[in-house]
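The structure appears right after this line, and notes come after that.
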Amino acid sequence: VIKTRGLALPPSECKVYTPTALAKAMVAVVGREHRQWLEPSCGKGVFLKAIRDRLGARAQATGVDLDPIQASADKLGTVLRGVDFLDWSRTQKKRFDCIIGNPPFVAIRSLPPSLRDVAADVRTLSGDPIGIRANTWYAFVLQSIRLLKRGGSLAFVLPSAAEYANYSSDGRARITSEFDRVDLIRSRRPLFESVQEGTIVLVCRGKGGLGNTFRRHLVADVNAAIRRLGDLEGAVAKQCPPPPPAQTDRFVRLDEVVDIRLGGVTGDARYFVFSESKRKELGIPRSSVVPVVSKSHHVASGALSSNDWESLRNGDERIWLFRPTPKAVHNKAVSEYLELASNSGGCRRQNYKVRNRNPWYTTPLPSQVDGFITGMSDRGAWICFNETDDVNATNTLYVVSFKDRLGRQSRYAWGLSLLTSPARQQIRRITRRYADGLSKLEPGGLGGLHLPLPPRIPNAVSVYQDAVRHLMRGDERTARRIADDAIFGASCVCSRVS
Ligand SMILES: C[S@@+](CC[C@H](N)C(=O)[O-])C[C@H]1O[C@@H](n2cnc3c(N)ncnc32)[C@H](O)[C@@H]1O
């Protein structure tokens, strides 16, 4: 962070200047007859020049930039230097026909305090503060929408995070209802030579108009983006349904709703976890074992019933956890198994987890098992709800326990929330992929997911089962669509059109 004359500036990485040809195309697409222009982070003034070139002096341009260093283009308009646009916009009474630019891409939390507090306090379209987890570009877009006149238009170069970042989900859900038409142009190749980050051009025309249409354009590179800007009229846009009610826009951290922890850590799974045939061979009574699931494929569905678990047992899967009560150790078969030497199939009692507990053969288990999650799946995360009375899990799986005593439909509604598009986008980001092709999710990462607060869904159980069936078949798209429809109602096409 640079400090100039008592004013803090964001890091220099945010100073990425727009190519002239792109700036001209953006001005052309929004700037037919508009007179009052605003460039909220004008930098060296590429947009001010493009406005002057196209419309001459009849277009009145205002530029703002935190950077106090003057540029030759400053003479092409009223340029306010050393000014934080976000602060300025809070008290600005003037409204503009057209707002254009390339706002800074800087995490709000990394801004110096004076800028950070103002940026974090900018309100989403639903009226909540965007907070320090958001990014400055989002604050610029929101404040710019507020400074537009009715019928006005804006065009911004934005990072591709605009399409998926959790912090801007409210903006994505609502922006089409603010304008007559919204176009989003995504370039496969970066729009700037100096930036590898994906970029988009967002064009929103006719503030307050009732068209509420949207079109996403995928183009190859900056030249194709410029050509597409010149031909937006030729591209039909789709009508968006009204935004979801504010209630469904509320996101809650998963760990505020459930605890996610490892199943029982045996310390020696080879010894403690066995199949039905092995149990019989050892003569271990039923009272000295606990039914468990111990493998990802044991929970490859939306729910585990007693019948499902019995099928696993009949298939000779490893579904028993040896866990005798202190009384049961007097049973002959149990005591023989307990005393078996480690080189003859007995427990490796020196293992860290085993030697540190008392008695060593009692594996601690989660007490409330509402569901299971496997952290090792290329299908992402879903909850396999526990419909049995007593099945627990070993530490190859995570156990889910709801913090509040929720009804069955409400628990499954949370399962659906975990399958929605915003949840899946976050899951993709927290998935660790290893060189051998393995994907892994950690309980901490899962707990930090922000899930949409589910509405009341009367048939949540069957809808969830249906969605997970598709997910298990590898059809994530349909699973997501079912979940989005259940949680958001008729979800906005903006998240789907490509
Ligand atoms: C990505 S550059 C874009 C410059 C110019 N719009 C262009 O496209 O060439 C971002 C600009 O935002 C300015 N900036 C950063 N934070 C700002 C703030 N809070 N208020 C006004 N300008 C800011 C930087 O100084 C920089 O000039």
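Below is a table of values for the structure above.
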read-out	value
Percent of Cα pairs exceeding the 25 Å cut-off, where the set is the range 216-333	57 percent
Residue-averaged [θ]222 nm for the chain, counting only DSSP H segments that reach four residues, each worth -39500 (n - 2.57)	-8500 deg cm²/dmol
Over the chain, volume per residue of the alpha carbon convex hull, in Å³	173 Å³
Size-normalised alpha-carbon gyration radius of the range 395-469, reference 2.2 N^0.38 Å	1.21
The range 73-90 residues near the modelled A57 label - backbone nitrogen below 18 Å, point 7 Å along Cα→Cβ	73-79
10 Å binning of all Cα-Cα separations within the range 29-128, expressed as whole percents from 0 upward	15, 45, 31, 10
Chain lengthening between T91 and Y17 when straightened (0.36 nm per residue, less Cα-Cα)	23.9 nm
Listed pairs K295/K440; K44/K207; K332/K353; K94/K207; K280/K353; K44/K75 exceeding 23 Å between Cα atoms	K44/K207; K332/K353; K280/K353
Label point 7 Å beyond Cα of M472 along Cβ direction - residues of the range 385-422 with amide nitrogen under 16 Å	385-388, 416
Modelled FRET efficiency - R0 45 Å, R261 with Q239, Cβ distances, 0.05 increments	0.50
Mean shadow area of the range 101-190, taken as a quarter of the surface of its Cα convex hull (nm²)	6.0 nm²
Percentage relative contact order, the range 397-498, counting C-alpha pairs under 8 Å, at least six apart	34 percent
Partners for K24 among aspartates and glutamates (Cα-Cα distance below 12 Å; same-chain residues under 8 apart left out)	D53
Nearest-0.05 FRET efficiency for Q465 and R32, computed from C-beta distance (R0 45 Å)	0.25
Hits among aspartates and glutamates - C-alpha to C-alpha of K403 under 16 Å, sequence gap 8 or more where chains match	D255, E256, D259, D370
All-pairs alpha carbon distance profile, the range 133-285, 5 Å steps from 0, percent	2, 8, 14, 15, 15, 10, 6, 4, 4, 4, 4, 5, 5, 3, 2, 1, 0
Contact order relative to length of the chain, as percent, for alpha carbon pairs under 8 angstrom and 6 or more apart	13 percent
Net length gained if the chain between A224 and L453 were fully extended (0.36 nm per residue, minus Cα distance)	78.5 nm
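A short reminder: the numbers here are calculations on the coordinates, not readings from a lab. Being a predicted model, the structure only gives us computed values, none of them experimental. Counting neighbours? That spans all protein chains shown, and the Cβs are built from the backbone with ideal geometry, glycine included.
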